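These notes concern the structure reproduced below.
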Amino acid sequence: MRGDLRPKLMPNYVALLRAVNLGGSTQVSMGDLRERLRESGFESVRTLLQSGNIVFQTDLGRREEIERRIEDEIAQSCERPTVCFVRTAAEWRNVIARNPFPHQAAEDPGHMTVLVLKEAPPAAAWKALQAAITGREAVRGQSDHGYVVYPDGTGRSRLTVGRIERVLGTGGTIRNWNTVTKIGSLLAK
């Protein structure tokens with residue numbers, strides 16, 4: 001027998017792009033992006049919505065390397081930089097399973113959000129963020145992601161991603177619970 005002829009199984013990942021397709025100069029074609037990533041060695045590339053949610057398979061390296069590669073592809077093809085946040089399928093399942101706000105996720109998933117971060121802030125930073133809240137929002141941090149409930153909506157909240165980043169000391173992007181669970185479904189396929 002001449003070796004194992006079974007196809008190599010590659011890990012599944014999700015990549016979240018920050019601040020794309022919000023209007024003006026932030027436009028990124030998801031179809032073009034899928035094609036560019038396929039040409040760069042990513043497989044089973046699928047996108048969800050137009051807000052920069054990508055599910056794919058690759059064996060191209062560690063999470064940080066994959067983030068850099070996607071960021072480079074976007075910078076080259078769209079001539080605009082963006083920040084990418086990558087998680088493995090197992091990490092994404094953990095994000096869903098460990099939600100500390102299950103009632104809010106079930107009752108009002110549009111106002112229940114997940115904050116995905118570049119780095120895990122210290123516990124003191126999460127406490128400082130909770131203390132900085134002036135409205136009815138609630139925050140719970142878990143390593144390199146957190147959960148934020150916006151009972152009055154995100155549009156009027158003073159707890160913006162920019163403010164969150166300043167308090168936590170790291171970059172992030174946010175997705176509502178509907179999107180989080182749809183990404184989970186895509187990863188399961």
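Read-outs throughout are calculated quantities, based only on the coordinates presented, and are distinct from any laboratory measurement. Everything numeric in this text was worked out from a predicted model, so none of it was measured. Note that each Cβ is placed from the backbone with ideal geometry, even for glycine, and that neighbours are counted across all protein chains shown.
Listing Thr58, Thr160 from the residue with the fewest other Cβ atoms within 10 Å to the one with the most, what is the order?
Thr160, Thr58
What value in Å³ per residue do you get for the convex hull of the alpha-carbon atoms in the range 98-188?
It is 94 Å³ per residue.
Could I have the simple spin-label model distance between Ser29 and Lys127, label points 7 Å from Cα toward Cβ, reported in nm to one decimal?
Using points 7 Å along Cα→Cβ, the separation is 5.1 nm.
Once the Cβ-Cβ distance between Ser77 and Met10 is put in as r, and R0 is 25 Å, what FRET efficiency do you end up with, to the nearest 0.05?
0.65
Sorted from largest down, give the three principal axis spans of the alpha carbons of the range 119-169, whole angstrom values.
27, 17, 16 Å, listed from the longest principal axis down.
With 10 angstrom as the radius, rank Met112, Met30 by how many other C-beta atoms surround their C-beta, starting from the fewest.
Ordered from fewest to most neighbouring Cβ atoms within 10 Å, Met112, Met30 come out as Met30, Met112.
Taking N as the number of residues in the range 12-91, what is its alpha-carbon radius of gyration divided by 2.2 N^0.38 Å?
This ratio for the range 12-91 stands at 0.98.
Provide Arg36, Arg87 in ascending order of the number of other Cβ atoms located within 10 Å of each residue's Cβ, fewest first.
Going from least to most buried by this count: Arg36, Arg87.
Would you please put 130-137, 144-151 in order of how densely packed they are, using the mean number of other Cβ atoms within 10 angstrom per residue and starting with the highest?
Highest mean packing first, the order is 144-151, 130-137.
With a cut-off of 15 Å, note down the residues of the range 150-178 whose backbone N falls inside the zone around a label point 7 Å from the Cα of His103 toward its beta carbon.
Residues 150-151 qualify, since their backbone N sits under 15 Å from the label point.
Using C-alpha positions alone, give me the convex hull volume of the chain per residue in cubic angstrom.
About 133 Å³ per residue, rounded to a whole number.
Subtracting the Cα-Cα distance from 0.36 nm times the residue separation, let me have the gained length for Glu39 to Thr181 in nm, one decimal.
48.3 nm
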